[in-house]
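**Student:** This is the structure, below, for whatever I ask next.
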Amino acid sequence: MKPILLSGIKPTARVHIGNYFGAMKRFVEMQSEFQNFNFIADYHALNQMLATPQEIKQLTLELTAAYLAVGLDPKKTILFRQSDVPEVTELNWIFNSLITPSYLQSAHAYKDAVAKKKDVNMGLFCYPVLMAADILMYDSNVVPVGKDQQQHVEIACDLAKKFNHVYKKEVFKLPKAVIWEGESLPGFDGEKMSKSKGNVIELFEAEESIKKKVMSIKTDSKGVQDKKDPEADLIFAYHKLFSAQMIDELRSRYENGGIGYKESKDILFANMMAYLKPMRDKYFKLIKDEKYLNKVLADGGKRARKVAEAKMTAVRKVIGVR
Ligand code: AMP
Ligand code: TRP
C-alpha cells in the first residue's frame, strides 16, 4: 500500500505559475510513489459567497483540464469532485457534534474574515470541520498545504484524536501537514504571487497578456553595461525556473554587465512560453472536451467514494446509528 497524499483546491480561481511550481508539479512527480487523492473542493467554494453557479461549474472543468494538462495521470491519481462523495458531508455532521463554537472561533480563516468585516456564513465558520472530513475520510498520510492551511490540518488531527478517544476505537489516522511553502514564487510586482494580490501569471492565460506581465516585472534602473546581482533581480528569479538550459550564461552576463532588463525580459518571455507550450497545447485541447473531463471526474469520484463508503460503514457502526 502506498502512502496517501491528499490535496483539495477550491474552484474559485484559475491556477497560476506559483501553484504550478509550488504544488501541481510536485503532485505529478509524486503520483507514482504516493496514492494521490486530488479533488476539486466545490462545496468549499460555497463559503465564498461571491462564487456563482456558473463559476463553480466552469472552474471545476478548467481545474480538471489543468491538472491533466500538467501531467496528472487519472489511472494513478484519483482526481475527483468533493461533491461526488456525499459521505464527506455526512462525516462533517458527525464531526460537528465533537467540536465547540469557541474552538472554531479561534480558526484564522474565520478570524481574518471577521477582522476584514467580510460577510461570514456558517460554511466559512465550519470550514475547518468540512476540511477535516475531507482529510480523514481517506486515511490521508500526507496533506501538503500552504502555511495558511496548516491550522486546518491540525484541527483535523484534533478531530481524529477526539473521535478515536470518545468512541474508544482507532477509526481515524492522524494526518501530517507538509508545508511546501519554502520556495514561494514572487508575482510580477515582487510580492508573493497570489490570486488575492492580483499579481499572478496564470498557466493558461492569453499569450499577449503573459507578455504584458513579463514586460512589467519590476526592476531597478541599472543600464545595459552595469554589473547586476542576479539574486537581487526578479526577472532572474523566473529565469531559474524557465531558463535552466542557459542559466550559467545569463548569470555571467548579469555579473559582468552586458545584458539589459529589456533583453532579459525578452529571453524570459520566450523561454517561459517554450516551457509552458506542451501543457498549454494539451490544456486547450482538453478544455474543449467537456465530456471527457466529466468522465475523468466521474471515474475518480467512484474510486474515492468506494473508500469513503467503507470508512462510513465503520463510523456509523461505532457511533451506534447502525
Ligand atoms: P492557493 O492558490 O493559495 O490556494 O495555493 C495552493 C497551493 O499552491 C499552495 O498550497 C502552495 O503550495 C502553492 N502556491 C500558491 N502560491 C504560491 C507561490 N506564490 N509560490 C509557490 N507556491 C505557491
Ligand atoms: N481549504 C483549502 C484551500 O482553501 C482547500 C481544501 C479543502 C483542502 N479541503 C482540503 C486542502 C483538504 C487540503 C486538504 O486551499
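**Student:** Sorting 29, 62 by accessible area (1.4 Å probe), largest first, what list results? Display every interim value, and only then the final one.
**Tutor:** Working: 29 115, 62 20 Å².
Correct descending sequence by accessible area is 29, 62.
**Student:** Out of residues 5 or more away from residue 81 or on other chains, whose amide H comes under 5 Å of its own, with H placed 1.01 Å from N in the peptide plane?
**Tutor:** 40, 301
**Student:** Could you give the dipole magnitude of the chain about its Cα centre, charging the beta-carbon of Lys and Arg +1 and that of Asp and Glu -1, in debye to the nearest 20? Intermediate values should be presented prior to the final figure.
**Tutor:** Values: 50 positive and 40 negative charges, 195 e Å.
The dipole magnitude comes to about 940 debye.
**Student:** Can you work out the accessible area per residue across the range 207-283, with the rest of the protein chains kept in place, probe 1.4 Å, in square angstrom?
**Tutor:** Numbers: 4080 Å² over 77 residues.
On a per-residue basis, the range 207-283 sits at 53 Å².
**Student:** Given springs between every Cα pair under 10 Å in a Gaussian network model of the chain, which of 258, 301, 146 has the largest fluctuation?
**Tutor:** Its mean-square fluctuation being the largest, the pick is 258.
**Student:** Enumerate the calculated ³J(HN,Hα) couplings along the range 8-13 in order (Karplus 6.51 cos²θ - 1.76 cosθ + 1.60, θ = phi - 60°), each rounded to whole Hz, writing x wherever the residue is Gly or Pro.
**Tutor:** After applying 6.51 cos²θ - 1.76 cosθ + 1.60, I find x, 9, 7, x, 10, 7 Hz.
**Student:** For the chain, set up a Gaussian network in which alpha carbons nearer than 10 Å are linked by springs, and say which option among 245, 149, 31 fluctuates the most.
**Tutor:** Per the Cα network of the chain with a 10 Å cutoff, 245 tops the list.
**Student:** OK, next. Springs between alpha-carbon atoms under 10 Å, Gaussian network over the chain: tell me which of 312, 131, 246 tops the mean-square fluctuations.
**Tutor:** Fluctuation is largest for 246.
**Student:** OK, next. Once amide H atoms are built 1.01 Å from N in the peptide plane, which residues 5 or more positions from residue 199, or in another chain, come under 5 Å H to H?
**Tutor:** The answer is 194.
**Student:** While we're looking at this one, here's another question. Charges on Cβ only, +1 for Lys and Arg, -1 for Asp and Glu, centred on the Cα centroid of the chain; of 275, 204, 74, which one is farthest towards the dipole's positive end?
**Tutor:** Toward the positive end, the furthest listed residue is 74.
**Student:** In terms of modelled amide H atoms, which long-range or inter-chain residues lie less than 5 Å from the amide H of residue 176?
**Tutor:** Residues meeting the amide H criterion: 142, 143.
**Student:** Given a cut-off of under 8 Å on Cα pairs at least six residues apart, what relative contact order in percent is computed for the chain?
**Tutor:** Values: 461 pairs, mean separation 71.8, N = 322.
Taking the mean separation of contacting Cα pairs over the length of the chain, I get 22 percent.
**Student:** Using 0.36 nm per residue of separation minus the Cα-Cα distance, give me the extension gain between residue 290 and residue 1 in nm, one decimal.
**Tutor:** Working: separation 289, 0.36 × 289 = 104.04 nm, distance 3.28 nm.
Extending this stretch completely gives an extra 100.8 nm.
**Student:** Hey, another quick one. Remind me, relative contact order of the range 207-283 in percent, using alpha carbon pairs under 8 angstrom and six or more residues apart? Intermediate values should be presented prior to the final figure.
**Tutor:** Values: 63 pairs, mean separation 29.3, N = 77.
So the answer I get is 38 percent.
**Student:** While we're here: Give the separation of the Cα centroids, the range 1-79 to the range 169-211, in Å.
**Tutor:** So the separation of the two Cα centres works out to 12 Å.
**Student:** Continuing with the same structure: Could you pull out the trypsin sites (Lys or Arg not before Pro) across the range 181-232 that fall in loop regions by DSSP (anything but H, G, I, E, B) with no more than 16 other Cβ atoms inside 10 Å?
**Tutor:** On the way: sites: 192, 195, 197, 211, 212, 213, 218, 222, 227, 228; in loops: 218, 222, 227, 228.
Hits after loop and neighbour filter: 218, 222, 227.
**Student:** Sticking with this structure for a sec: Pairs to check: 227/262; 57/213; 116/161; 25/76; 192/285. Give those whose C-alpha atoms are more than 21 Å from each other in this structure.
**Tutor:** Working: 227/262 15 Å; 57/213 28 Å; 116/161 32 Å; 25/76 15 Å; 192/285 31 Å.
Beyond 21 Å: 57/213; 116/161; 192/285.
**Student:** Further question: When a/c is below 1.5 the answer is rounded, else prolate if a/b is larger than b/c, else oblate, so apply that to the range 242-281 with a ≥ b ≥ c taken from the square roots of the Cα gyration tensor eigenvalues.
**Tutor:** Details: a/c = 5.60, a/b = 2.09, b/c = 2.67.
It comes out oblate by the Cα gyration axes.
**Student:** Specify whether the C-alpha gyration tensor of the chain places it in the rounded, prolate or oblate class, a ≥ b ≥ c being the square roots of the eigenvalues: rounded for a/c under 1.5, otherwise prolate if a/b is larger than b/c and oblate if not. Don't skip to the end; give the middle numbers.
**Tutor:** Values: a/c = 2.24, a/b = 1.89, b/c = 1.19.
It is prolate, given that a/c is not under 1.5 and a/b is the larger ratio.
**Student:** Also, quick follow-up: Can you pull out the trypsin sites (Lys or Arg not before Pro) in the range 131-168 that DSSP calls coil and that have at most 15 other Cβ atoms within 10 Å? The partial results should precede the final answer.
**Tutor:** Values: sites: 147, 161, 162, 168; in loops: 168.
Listed in order of number, the matching sites are 168.
**Student:** Quick one: pull the percent of accessible area on the chain belonging to carbon and sulfur, 1.4 Å probe, ligands and nucleic acids left out.
**Tutor:** Working: 8750 of 16160 Å².
Ligands and nucleic acids excluded, carbon and sulfur reach 54 percent.
The values are calculated or read from the model by the stated rules, or taken from the named source; none is laboratory data. Here the structure is a predicted model, which means the values were calculated and not measured. Note that we place each Cβ from the backbone using ideal geometry, even for glycine, and neighbour counts take in every protein chain shown. In case anyone asks, the SASA skips ligands and DNA or RNA and just uses the protein heavy atoms, side chains included. Shrake-Rupley method; radii C 1.70, N 1.55, O 1.52, S 1.80 Å.
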